[in-house]
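Inspection log for the structure reproduced underneath, given as structure tokens.
The values are calculated or read from the model by the stated rules, or taken from the named source; none is laboratory data. Please read all numbers here as calculations on a predicted model, not as lab measurements. Cβ sites come from the backbone with ideal geometry, for glycine too, and all protein chains shown count toward neighbours. Protein only, heavy atoms only, side chains kept; ligands, DNA and RNA dropped before computing areas. Shrake-Rupley method; radii C 1.70, N 1.55, O 1.52, S 1.80 Å.
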Amino acid sequence: MIVAGGYYREICVSPQHDELFGSGGRAAFAIASAGTDVDWHYYCPEPQQQIVPVALSNPHLRHHPHASDILVSFTYFHPLSEPEYRPSDLPKFDDIVVKGASILRFGFMEGDAIVHGDKVVFDPQSPKKPVSFKANGSTAKSLAIVLNAQEVRVLGKDEDESEAVRNIQQSEDAAVVLVKSGPQGCRVYVDGALRGTVPPYRTDRVYKIGSGDIFSAAFAFHWGEQGMAPDQAADAASRCVARYCSSRAPNVRLDDETKGLEPIAVKDEKAKVYIAGPFFTMAELWLVEQACRSLNSLGVSFFSPYHEAGLLRDYTDDQVHQKEIERVVETDLKGLSECKAVFAILDGCDPGTVFEIGWAVRHNIPVIVLSQNPKPADQTMIRGSKNCLITDDFASAIYRVAWAAWSA
């Protein structure tokens with residue numbers, strides 16, 4: 001199998017990781033780890049071309065570096081944040097041209113890959129401006145395109161997903177279009193028609209950086225190499241992603257662990273999440289904003305007291321001030337009652353947040369608590385309460401609360 005995809009440095013601040021992988025490196029290593037011979041084509045500065053085959057060594061992985069003079073790096077504050085890449089003004093190097101029976105092609109930062117294959121999987125990995133597979137002259141006898149919900153609408157030039165997929169199927173001659181939709185799983189379209197939806201699988205922790213690479217790699221392996229039907233290959237890919245998100249181990253082979261995973265049953269995609277947390281300092285408000293943005297990017301509706309009720313205004317008139325307090329409390333409790341799950345930021349033990357957690361527990365609303373600086377005594381009641389889960393990882397908390405809301 002051929003993989004054409006980037007070799008990049010990936011830095012995450014929280015949780016702290018610093019790795020040299022990239023989309024192509026992670027996918028190629030994952031497929032090779034399943035025992036399949038892989039030819040990996042990537043751009044790499046000449047001083048590192050002797051290092052990469054040692055750092056990413058596998059007896060089934062053959063390296064084909066193409067000369068460049070820069071190693072691109074991506075920095076994430078957390079796994080759900082928008083990465084900053086450097087250098088910001090990238091030079092473009094000569095195209096990589098490959099031909100083979102089974103090919104996985106990713107979008108590159110510093111160039112492009114022109115591929116000609118029998119079975120080709122294309123993952124542009126560019127949500128703001130996804131490129132056409134055929135635009136650079138690439139060809140495939142049977143083409144599968146992996147996109148997220150935003151990429152589908154942009155590439156298909158229609159806000160309606162079904163219409164956008166049909167447009168892509170016609171313009172790209174794509175036999176299969178996979179639409180990844182975060183906590184909702186993946187929708188599988190074959191010849192422009194919806195074949196089915198593959199669920200996500202539950203894990204305790206969710207490390208998202210590189211999960212898309214594993215999905216495309218696993219689908220390419222099971223569809224292109226193993227001959228699975230598109231919906232079966234997509235389900236296998238979803239299981240492999242869950243294992244990766246939990247362990248960060250890149251592999252595309254199904255095993256006892258992937259077979260035993262529990263699917264997430266989505267009952268109500270419109271269910272709301274209540275964001276409970278202090279917002280009285282810049283740091284506190286930043287974290288609330290990150291929660292809002294992350295939930296929104298996953299298509300999860302939410303109620304944020306800061307945005308819906310605002311800060312409590314101080315009045316010199318006691319009666320007016322009391323009415324202001326009652327307004328804020330009434331707005332927040334109404335929001336709580338309309339939500340199916342609570343995302344709670346516990347660090348600092350803000351009294352309002354603790355009250356909201358207790359209110360939710362009393363009304364049997366599941367609570368996912370983010371606590372990165374825990375004091376055991378502060379967590380006693382929460383740890384001992386039914387429907388409460390405490391985690392120190394932001395991305396895991398966001399996914400767990402989304403699943404809790406949609407499954408309630």
task = Report the paramagnetic label zone for residue 408: residues of segment 305-326 whose backbone N is under 13 Å from a point 7 Å from Cα along the Cα-to-Cβ axis.
result = none
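Carbon and sulfur together cover what percent of the accessible area of the chain at a 1.4 Å probe radius? Please report the intermediate quantities before stating the final value.
On the way: 9360 of 18640 Å².
C and S atoms contribute 50 percent here.
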query = Which shape class, rounded, prolate or oblate, goes with segment 350-408 when its Cα gyration tensor gives a ≥ b ≥ c as root eigenvalues, a/c under 1.5 marks rounded, and past that a/b bigger than b/c marks prolate?
reply = oblate
query = Given the C-alpha centroids of segment 309-381 and segment 4-18, what is the distance between them in whole angstrom?
reply = 36 Å
key: Charge dipole magnitude, Cβ of K and R +1, D and E -1 - the chain, Cα centre, debye nearest 20   = 900 debye
inquiry  = Between segment 214-293 and segment 175-212, what is the separation of their alpha carbon centroids in Å?
reply    = 8 Å
ask   = Ranked highest first by average number of other Cβ atoms within 10 Å, how do 53-61, 24-32 line up?
value = 24-32, 53-61
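For segment 112-264, calculate the relative contact order in percent as a whole number, restricting contacts to Cα pairs under 8 Å that are 6 or more residues apart. It would help to have the intermediate numbers written out before the result.
Working: 288 pairs, mean separation 26.3, N = 153.
So the answer I get is 17 percent.
Past 28 Å, Cα to Cα: identify those pairs from 270/386; 180/270; 119/180; 134/180; 99/208, in the order given. Could the numbers behind the result be given before it?
Numbers: 270/386 24 Å; 180/270 18 Å; 119/180 20 Å; 134/180 21 Å; 99/208 31 Å.
Checking Cα-Cα distances, 99/208 exceed 28 Å.
Counting DSSP beta bridges with both partners in segment 77-198, what percentage is antiparallel, nearest 5?
On the way: 10 of 31 bridges.
Just about 30 percent of them are antiparallel.
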key: Rg/Rh ratio calculated on Cα atoms of the chain (Kirkwood radius)   = 1.02
ask   = How far apart, in nm, are two points set 7 Å out from the Cα along the Cα-to-Cβ line at residue 390 and at residue 85?
value = 4.0 nm
ask   = With every protein chain present, what is the per residue accessible area of segment 262-307 (1.4 Å probe, Å²)?
value = 52 Å²
inquiry  = Keeping every protein chain present and rolling a 1.4 Å probe, give me the accessible area per residue for segment 35-191 in Å².
reply    = 46 Å²
query = Normalised by the number of residues in segment 284-408, what is the relative contact order in percent for Cα pairs under 8 Å and 6+ residues apart?
reply = 23 percent
inquiry  = Between 0 and 90 degrees, rounded to the nearest ten: what's the tilt of helix 22-32 against the longest Cα principal axis of the chain?
reply    = 70 degrees
remark   = A correct Stokes-Einstein calculation for segment 102-214, using the alpha-carbon Kirkwood radius, 10 °C and 1.306 mPa s, returns a whole-number D in µm² s⁻¹ of 110 µm²/s
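Would you kindly state how much longer the chain becomes between residue 283 and residue 257 on full extension, computed as 0.36 nm times their sequence separation minus their alpha carbon distance, in nm to one decimal? Write down the numbers at each step before the final one.
Values: separation 26, 0.36 × 26 = 9.36 nm, distance 3.89 nm.
Residue separation times 0.36 nm, minus the Cα-Cα distance, leaves 5.5 nm.
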query = Helix 230-247 versus the longest principal axis of the chain: what is the Cα-based angle in degrees, 0 to 90, to the nearest 10?
reply = 60 degrees
query = For the pair residue 268 and residue 324, how long in nm is the line joining their label points, each one 7 Å along Cα→Cβ?
reply = 3.4 nm
query = Which value, in Å², gives the accessible area per residue of segment 323-392 when a 1.4 Å probe is used on the protein heavy atoms?
reply = 56 Å²
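Taking 0.36 nm per intervening residue step and subtracting the Cα-Cα distance, what contour gain separates residue 317 from residue 14 on full extension? Mind showing how you got there, number by number?
Working: separation 303, 0.36 × 303 = 109.08 nm, distance 4.49 nm.
Result for the pair: 104.6 nm of gain on full extension.
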task = Find, among the GluC sites (Glu not before Pro) in segment 111-189, those assigned to loop by DSSP (not H, G, I, E, B) with at most 14 other beta-carbon atoms within 10 angstrom.
result = 159
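Show me the GluC sites (Glu not before Pro) within segment 293-376 that DSSP assigns to loop and that have at most 16 other Cβ atoms within 10 Å of their Cβ.
Values: sites: 308, 324, 326, 330, 338, 356; in loops: 338.
Answer in residue order: 338.
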note = With a Förster distance of 22 angstrom and the Cβ-Cβ distance between residue 195 and residue 160, calculated FRET efficiency to the nearest 0.05 equals 0.80
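Over the chain, what is the percentage of antiparallel beta bridges among all DSSP beta bridges, to the nearest 5? If you can, show how the numbers build up before the last one.
Values: 18 of 72 bridges.
Of those bridges, close to 25 percent are antiparallel.
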message = Suppose the Debye formula is applied to equal point scatterers at every Cα of segment 270-364; what is log10 I(q)/I(0) at q = 0.10, 0.17, 0.19 Å⁻¹?
response = -0.27, -0.75, -0.92
remark   = Sparse-neighbourhood loop hits (chymotrypsin sites (Phe, Trp or Tyr not before Pro), segment 261-341; DSSP loop; Cβ within 10 Å at most 15 others) -> 280, 315
ask   = Of the residues 277, 335, 260, which exhibits the maximal mean-square fluctuation in a Gaussian network model of the chain defined by a 10 Å Cα contact cut-off?
value = 260
query = Pairing the Cα long axis of helix 282-297 with the longest principal axis of the chain, what angle in degrees results, from 0 to 90 and rounded to the nearest 10?
reply = 50 degrees
ask   = What list of whole percents do you get for P(r) of segment 1-120, with Cα-Cα distances grouped in 10 Å bins up to the one holding the largest distance?
value = 14, 44, 34, 8, 0
note = Percent relative contact order for segment 240-323, counting Cα pairs under 8 Å at least six residues apart, stands at 22 percent
